[in-house]
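Colleague: Mind looking over this structure? Questions follow.
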Amino acid sequence: MVAAGDCFVVQSPNTVENTIILGRNAIDGDAVTEAQEVHYYNATEALEGRPDGGADVVKANGEILRVILQKPRTGVWGGDAGANDRNVSIAVSWSNQEPANDSGTLISTDIVRLTLAIAKSAEDAVERIGNLVTDHGSDDAKFSFVVCDHTEGWLVSSGGKLWAAQKVTDGFLRITCKGLSVKTTIDKSSEALGDTLKAQGLWDGEGDLNFASSLGADDDVDAEWSGEAPNGDGSYTLTSMFDTLRSAVDTETARAANISVLTTGISCHWFTATPNANESVFKPFVFAPNPKISPLTKVPPDNTVTLLHKLHAQRKPAAVEDLKSLEAACVEELNGYLAEHPTVDEELDELMKDCVEAEVKFYR
């Protein structure tokens, strides 16, 4: 299994103050027809079960958080993208040589779920990813993650049991799925990273340490923005990210897309749960008191695809345009609610469930 995605981060001054928007197109040419489930876990469920990599991870003693996850394959324990109820969002941008299941290590999707279940800020998430890599990393595995909350974004890359992280300072940034994203700008890392790389013969100690290059994964992950670039006036919004992700779609490899709009108020997370953002609609999720996301985003027993994915694949061409109108109406209604409510109440418990079921009606 490979978890990879084309990721986009936008922050102030391109967004309104104290808002970061993280968007991702999942990419895998070998799995376009496979369903990507979306699962919600309450605090009692967030760490239930065993990570796919099989590592015996010590369960957190502190507060366990609620988590929403998108999964790259049916039956995967973790997720390739997701968020928690503390406004932290994490996405896998690239993975290579994922360790085998039950190998006593962690795969990239395990790390996403384990981190979201306990991290209360983006910086906290970076440290926790680093600890998981240090304690349970596989020698040959290489991963890159994008981590955001409403105040800051980070790129985190790992190879074996080593890791390095870079704080995002650009107002907008695209991170493609071509290699490790952290190179010479290293703001956090494994202890004595340079000395360890030299001892392993991976760096000669000359010039600036390039983490990606030292691990042989230094393809150019930075790429030009797709579509209209943010212009620095705070006008970049959720619907701008809709346009960005849709303009970036590669129809041969595009899978599900997701967006997190992270703010000091009510953060909202949007999922297509179907392939190709150009031919899909985004459905919203917020951490309401008792959220329900619809069983249609999960694979039923003895099946290999979600009902939503199956019906989407059988859609009539005209359905997509009708659904774009539904998406626009949903954005408008939710924005109206958020403008009038400083906190979430039970009125939004079934927000995503209602949107998924409204979508399905257009397919029947």
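The values are calculated or read from the model by the stated rules, or taken from the named source; none is laboratory data. Since this is a predicted model, take the numbers as computed values, not measurements. Cβ atoms come from the backbone with ideal geometry, glycine included; neighbour counts cover every protein chain shown. Ligands, DNA and RNA are stripped out before the accessible areas are found, and what is left, the full protein with its side chains, is counted by its heavy atoms. Shrake-Rupley method; radii C 1.70, N 1.55, O 1.52, S 1.80 Å.
Colleague: Can you name every residue in segment 235-270 that is surrounded by 22 or more Cβ atoms within 10 Å (Cβ to Cβ) and among the charged types (D, E, K, R)?
Modeller: Hit for segment 235-270 is R255, nothing else.
Colleague: Just to be sure before I move on: is L69 surrounded by 24 or more Cβ atoms within 10 Å (Cβ to Cβ), out of contact with any strand residue (DSSP E or B) (no Cβ under 8 Å at 6 or more places or on another chain) and closer than 18 Å to F145 by Cα in the structure I sent?
Modeller: Details: surrounded by 24 or more Cβ atoms within 10 Å (Cβ to Cβ): yes; out of contact with any strand residue (DSSP E or B) (no Cβ under 8 Å at 6 or more places or on another chain): no; closer than 18 Å to F145 by Cα: yes.
No.
Colleague: For segment 276-312, how many residues are in a loop (DSSP other than H, G, I, E, B) and open to solvent by 20 Å² or more (accessible area, probe 1.4 Å)?
Modeller: Kept after step one, since they are in a loop (DSSP other than H, G, I, E, B), are these residues of segment 276-312: 276, 280-282, 286-294, 298-306.
Checking which are open to solvent by 20 Å² or more (accessible area, probe 1.4 Å) leaves us with 287, 289-290, 292, 298-305.
Selection size over segment 276-312: 12.
Colleague: All but one of (1) open to solvent by less than 60 Å² (accessible area, probe 1.4 Å); (2) assigned to a loop (DSSP other than H, G, I, E, B) hold for L202; which doesn't?
Modeller: Among (1) open to solvent by less than 60 Å² (accessible area, probe 1.4 Å); (2) assigned to a loop (DSSP other than H, G, I, E, B), L202 violates only (1).
Colleague: Going through D250, D349 one at a time, which residue ends up being closer than 21 Å to Q70 by Cβ, of a type in the set (D, E, K, R) and modelled with pLDDT under 95? Write out each step before concluding.
Modeller: Numbers: D349 fails: modelled with pLDDT under 95.
Checking each option against the conditions leaves just D250.
Colleague: Something else now. Could you grab me the full set of residues in segment 27-78 that are modelled with pLDDT under 90, within 21 Å of L311 (Cβ to Cβ), aliphatic (A, V, I, L, M) and out of contact with any Asp or Glu (no Cβ under 9 Å at 6 or more places or on another chain)?
Modeller: A31, A35
Colleague: Given the condition over 16 Å from the mean Cα position of the chain (by Cα), closer than 23 Å to N61 by Cβ and acidic (D, E), answer yes or no: does some residue in segment 170-184 qualify?
Modeller: no
Colleague: Taking segment 45-66, which residues are open to solvent by 10 Å² or more (accessible area, probe 1.4 Å) and either free of Cβ contacts under 8 Å to residues at least 24 places away in the same chain or on the phi > 0 side of the Ramachandran plot (or both)?
Modeller: Step one: filter segment 45-66 for residues open to solvent by 10 Å² or more (accessible area, probe 1.4 Å), giving 45, 47-50, 52, 56-64, 66.
Scanning segment 45-66 gives E45, E48, G49, V58, K59, N61.
Colleague: Still on this structure, I have one more. List pairs: first residue in segment 72-90 and open to solvent by 10 Å² or more (accessible area, probe 1.4 Å), second residue assigned to a strand (DSSP E or B) anywhere in the structure, Cβ distance under 6 angstrom, at least six positions apart or on different chains.
Modeller: N87/L262
Colleague: Same structure, new question: Of (1) in a strand (DSSP E or B); (2) at pLDDT below 95; (3) of a type in the set (S, T, Y), S158 satisfies all except one. Which?
Modeller: The number of the failed condition is (2).
Colleague: What tally of residues in segment 313-364 results from selecting those that are more than 16 Å from W270 (Cβ to Cβ), assigned to a helix (DSSP H, G or I) and not β-branched (V, I, T)?
Modeller: Count: 16.
Colleague: Is it the case that some residue within segment 12-26 is free of Cβ contacts under 8 Å to residues at least 40 places away in the same chain and small (G, A, S)?
Modeller: Of segment 12-26, the ones free of Cβ contacts under 8 Å to residues at least 40 places away in the same chain are none.
No; the residues of segment 12-26 include none that is free of Cβ contacts under 8 Å to residues at least 40 places away in the same chain and small (G, A, S).
Colleague: Let me ask another. Would you please name the residue that is modelled with the highest pLDDT, looking only at residues in segment 257-282 that are of a type outside the set (V, I, T) and more than 14 Å from G82 (Cα to Cα)? Walk me through it before giving the result.
Modeller: We begin by selecting, within segment 257-282, every residue of a type outside the set (V, I, T); these are 257-258, 260, 262, 265, 267-271, 273, 275-280, 282.
Checking the rest, the ones that are also more than 14 Å from G82 (Cα to Cα) come to 265, 275-280, 282.
Working: G265: 90, P275: 91, N276: 91, A277: 93, N278: 92, E279: 90, S280: 93, F282: 96.
Taking the candidates together, the pick is F282.
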